[in-house]
1. Could I have the simple spin-label model distance between Leu99 and His72, label points 7 Å from Cα toward Cβ, reported in nm to one decimal?
2. Taking θ = phi - 60°, what integer Hz values does the Karplus form 6.51 cos²θ - 1.76 cosθ + 1.60 yield along the stretch 57-63, in sequence order, with x for Gly and Pro?
3. Say R0 is 41 Å: what FRET efficiency, to the nearest 0.05, do Cys135 and Asp31 get from their beta-carbon distance?
4. So how far, in whole Å, is the C-alpha centre of the stretch 102-124 from the one of the stretch 41-81?
5. Can you give the percent of C-alpha pairs in the stretch 11-63 whose distance is more than 14 Å?
6. Rank by packing, highest mean first: peptides 47-53, 136-142, with packing defined as the count of other Cβ atoms within 10 Å averaged across residues.
7. Given 37 °C and 0.692 mPa s, compute D for the stretch 49-98 with the Stokes-Einstein relation, Rh being the Kirkwood radius over Cα pairs; round to the nearest whole µm²/s.
8. How big is D, in µm² s⁻¹, for the stretch 72-139 by Stokes-Einstein at 25 °C and 0.890 mPa s if Rh is the Kirkwood radius over C-alpha pairs?
Amino acid sequence: MSSERNGVAVLRTNHWLTALLDRIWNDHFWDVARVNEVTIEFSRHWKTRLGLIRMTESQARTYIAINGLLRHPEVPEFVVSLTTAHELCHYAHGFGSPLPRRYHHPHAGNVVGKELERRGLGHLIEAYENWIAECWHDFYESQVQHFALPQRPPTVARSRAAAAAAASLR
Ligand SMILES: [Zn+2]
């Protein structure tokens with residue numbers, strides 16, 4: 001997929017994101033039953049969250065929300081893929097899904113990282129964490145400037161570690 005047209009970045013669409021979810025599910029989560037309706041969409045421009053998963057009270061529908069800034073082609077595709085796979089791990093573990101809950105807490109004991117490894121996605125984790133540590137904060141700031149109010153106070157410089165810690169709250 002071309003990421004530029006006449007020099008203008010072409011943003012990823014929800015249609016593209018839905019196809020990505022289906023591909024990851026087929027290739028890496030094929031044994032996880034899709035027991036309700038699962039939809040995925042680009043959502044808000046969170047500063048400290050890349051994705052979330054939640055389910056309606058009736059359990060009929062699961063909704064995966066991906067940070068809207070990941071629409072931008074400057075964000076490597078593997079960041080979108082691993083964020084999506086991260087949420088699918090939660091689904092498999094019974095968080096945001098009707099499946100039996102397998103852990104007390106969704107992130108206890110690095111269960112998501114271990115699940116990604118087990119499902120053949122472990123090779124992406126280091127590059128993913130490096131991109132978040134090295135690029136996310138500056139990318140976020142460059143993007144939100146488009147939406148900032150004139151009176152917005154100057155941003156306090158943050159350490160790389162703090163940026164990484166914040167962005168890992170996904
Ligand atoms: Zn998570």
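Rule-based calculations on the coordinates, nothing more; no lab input. These numbers come from a predicted model, not from an experiment. With ideal geometry, Cβ positions are generated from the backbone for all residues, glycine too; neighbour counts draw on all protein chains shown.
1. Label-label distance for Leu99 and His72, simple model: 3.3 nm.
2. Each residue's phi maps through the Karplus curve to give 4, 6, 6, 6, 9, 10, 10 Hz.
3. 0.75
4. Cα centroid of the stretch 102-124 versus Cα centroid of the stretch 41-81: 18 Å apart.
5. It works out to 63 percent of all Cα pairs.
6. Ranked from most to least packed, the peptides come out as 47-53, 136-142.
7. 288
8. Estimated diffusion coefficient is 191 µm²/s.
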